[in-house]
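Chemist: Can you read through this structure? Questions will come right after.
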Amino acid sequence: VQLVESGGGLVQAGGSLRLSCAASARTFSTYAMGWFRQTPGKEREFVAAISTSGGSTSYADSLKGRFTISRDNAKNTGYLQMNSLKPEDTAVYYCALGPTSRQIRLNSVNYWGQGTQVTVSS
């Protein structure tokens with residue numbers, strides 16, 4: 001399965017962005033999906049995950065309330081809505097597919113996207 005992220009870019013602090021993750025295969029709906037982010041010199045950090053049906057979501061504690069993960073299995077696409085962005089949200093954001101949301105949160109991932117840069121200016 002190939003994953004292609006889009007929607008990254010430069011935004012001012014307080015602004016919003018919506019990232020998309022398009023999957024190449026219909027098997028997208030059989031995987032939980034997640035988002036991670038990474039800044040230079042730091043480990044990749046879990047952001048959010050969503051179950052196969054979309055009925056269950058989980059978030060990094062520090063991001064709850066600002067970020068929302070969702071998916072549209074009919075379009076083989078997942079999303080990350082990011083609101084009230086802060087300069088510290090600046091990172092490369094990656095989408096991922098894994099067996100379950102819990103396993104994704106534990107970095108057990110089957111497929112990674114190539115990443116999309118998000119830059120938040122102060």
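Chemist: Determine by what factor the alpha-carbon radius of gyration of the chain differs from 2.2 N^0.38 Å, reporting the quotient.
Modeler: Numbers: Rg = 13.2 Å, N = 122, 2.2 N^0.38 = 13.7 Å.
Here the Cα radius of gyration is 0.96 times the empirical estimate.
Chemist: Let me ask you something else. Give the carbon-plus-sulfur fraction of the accessible surface of segment 1-112 in %, rounded to a whole number; probe 1.4 Å, heavy atoms of protein chains only.
Modeler: 46 percent
Chemist: Here is a follow-up. Figure the gain on full extension for Thr39 and Ser70 (residue separation times 0.36 nm, minus the Cα-Cα span) and round it to one decimal in nm. Don't skip to the end; give the middle numbers.
Modeler: Values: separation 31, 0.36 × 31 = 11.16 nm, distance 2.33 nm.
My answer for the length gained is 8.8 nm.
Chemist: Can you work out the accessible area per residue across the chain, with the rest of the protein chains kept in place, probe 1.4 Å, in square angstrom?
Modeler: Details: 6080 Å² over 122 residues.
I get 50 Å² per residue for this part.
Chemist: Here's another thing I want to ask about it. Which percent, to the nearest 5, of DSSP beta bridges fully inside the chain are antiparallel?
Modeler: Bridges in the chain are about 90 percent antiparallel.
Chemist: Return the distance in nm (one decimal) between the two label points of a simple spin-label model at Lys86 and Ser24, each offset 7 Å from Cα along Cα→Cβ.
Modeler: 3.7 nm
Chemist: In whole Hz, with x marking every Gly and Pro, tabulate ³J(HN,Hα) for segment 114-122 from phi via Karplus 6.51 cos²θ - 1.76 cosθ + 1.60, θ = phi - 60°.
Modeler: Here the 3J(HN,Hα) series is 8, x, 9, 7, 10, 10, 10, 8, 8 Hz.
The values are calculated or read from the model by the stated rules, or taken from the named source; none is laboratory data. Quick caveat, the model's predicted, so the values are computed rather than measured. So basically every Cβ, Gly included, is an ideal-geometry build from the backbone, and we count neighbours across all protein chains shown. For accessibility, only protein heavy atoms count, side chains too; no ligands or nucleic acids. Shrake-Rupley method; radii C 1.70, N 1.55, O 1.52, S 1.80 Å.
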